[in-house]
Every structure is written in C-alpha cells, then in structure tokens.
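Here it is, the structure, as structure tokens.
The values are calculated or read from the model by the stated rules, or taken from the named source; none is laboratory data. Everything numeric here is computed off the predicted structure, so don't read it as measured data. When we count neighbours, we look across all protein chains shown, and the Cβ atoms used for this are built from the backbone with ideal geometry, even at glycine.
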Amino acid sequence: MRKVKFRGKRVDNKEWIYGSLIVGYHGKQMYCNIVPITICEDCFVMPEVYLVIPETVGQYTGLKDISGKEIYEGDIVRYYIGSNDFPIDYNAVIEFAFGQWGFFVPYYKNVKKGTYKERFSHKIVNGIGYKFIPLVDLGSETIVLREFPKAKNIIKVQYEIVGNIYDNPELVG
C-alpha cells in the first residue's frame, strides 16, 4: 500500500514539517495544516497541528533518491543517465503532470508555432520545448530508452535530491 503524506513549511518558524494534510477555509482565505504522523502502540497521542504556508505544500511521490531520501513534489533532483554515447546530467523540479510524478527536461530549441517541435513538446517556455519524463523506480531503464532513443548502452540512471524550489530556486533555471 502506498504512503500518502505531505510536507510544508511552518508559518511560525519556516521549518519543514511532514505528515497528513488538512485543508480548510476561513471565508475566502485557504489555510493548510500538517499533522505529524505518530505511531504508538497501545496509546492515544493528541497530535499537534501546524499551520503551513500553502504554496510550500508538496506530496510524497512514493519514491526515494539514491541516498534513500523521500522525493516530494517541489524537490529539485539531479537526474543523471550514465551512457557512453549520450550522457545526460540535469537538475529538474518534481511535479505531477499527465497523471503521474515526473519532471520536464528541455528537448527542442527555437520552437515555433505549427512545427513538429511544437506538436512533440509537452510544454513550451520562451521558445524551448520540454518533454515530460516520468519518475520511475531506479531499476527501470525502459522509460529512459523510449524518451531518449539516442541513449544506447545505459550504464546507470540516478535521481539525487539537491534541494527544493522554496529553499534553493537558483538550482534550476
């Protein structure tokens, strides 16, 4: 069974808190709370509830990076494909798109309206066409081979969390 949990930055001290998400409204103002997950046999623990900054809330993807850290929405991962002929080393932001977790990587330059580059790009920003790469278990290479047909002789595929978009926005650009 998949773990469904969230993280967010506390309003009071800007520290990250992990747990269950509670969303509510006071009039038109939305507020988000995180309740830390506490497991205790044969006891009842009244959980503390922490108000978090709504824009920083991110869901756990269910996957971990090469060092065993949980990957959350909004994390910046160093995405590395080791290949003899087509190495890829790129920082990307984890997001939810097309019904799955993944990230966008630049694929085409100078994308113009009505061209094949536009049709085969999943999103276009400032004339650059981006492909969506699904986040997969580290042992799987089939997605990489399909998305990057030039990358033959795959040596390794790695994700490493290098930061997040809230604390380290300079890591993507």
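Being more than 20 Å from Tyr107 (Cα to Cα), in contact with a Leu (Cβ under 7 Å, 6 or more places away or on another chain) and modelled with pLDDT of 90 or more is the filter here, so list the residues in the range 55-90 that pass it.
Hits for the range 55-90 are Val57, Thr61, Ile71.
Which is closer than 17 Å to Phe104 by Cα, assigned by TED's automatic domain parsing to the domain that holds Trp101 and modelled with pLDDT of 80 or more, of Phe148, Phe132? Break it down into steps so the answer makes sense when it comes.
Numbers: Phe148 fails: modelled with pLDDT of 80 or more.
Phe132 is the lone residue from the list that is closer than 17 Å to Phe104 by Cα, assigned by TED's automatic domain parsing to the domain that holds Trp101 and modelled with pLDDT of 80 or more.
A follow-up question, please. What pairs come up if the first residue lies in the range 53-73 and is under 14 Å from Tyr166 (Cα atoms), the second is among the polar types (S, T, N, Q) and buried (at least 16 other Cβ atoms within 10 Å of the Cβ), and their beta carbons are under 9 Å apart, counting only those six or more places apart or on different chains?
Thr56/Asn164; Gly58/Asn164; Tyr72/Gln59; Tyr72/Thr61; Tyr72/Asn164; Glu73/Gln59; Glu73/Thr61
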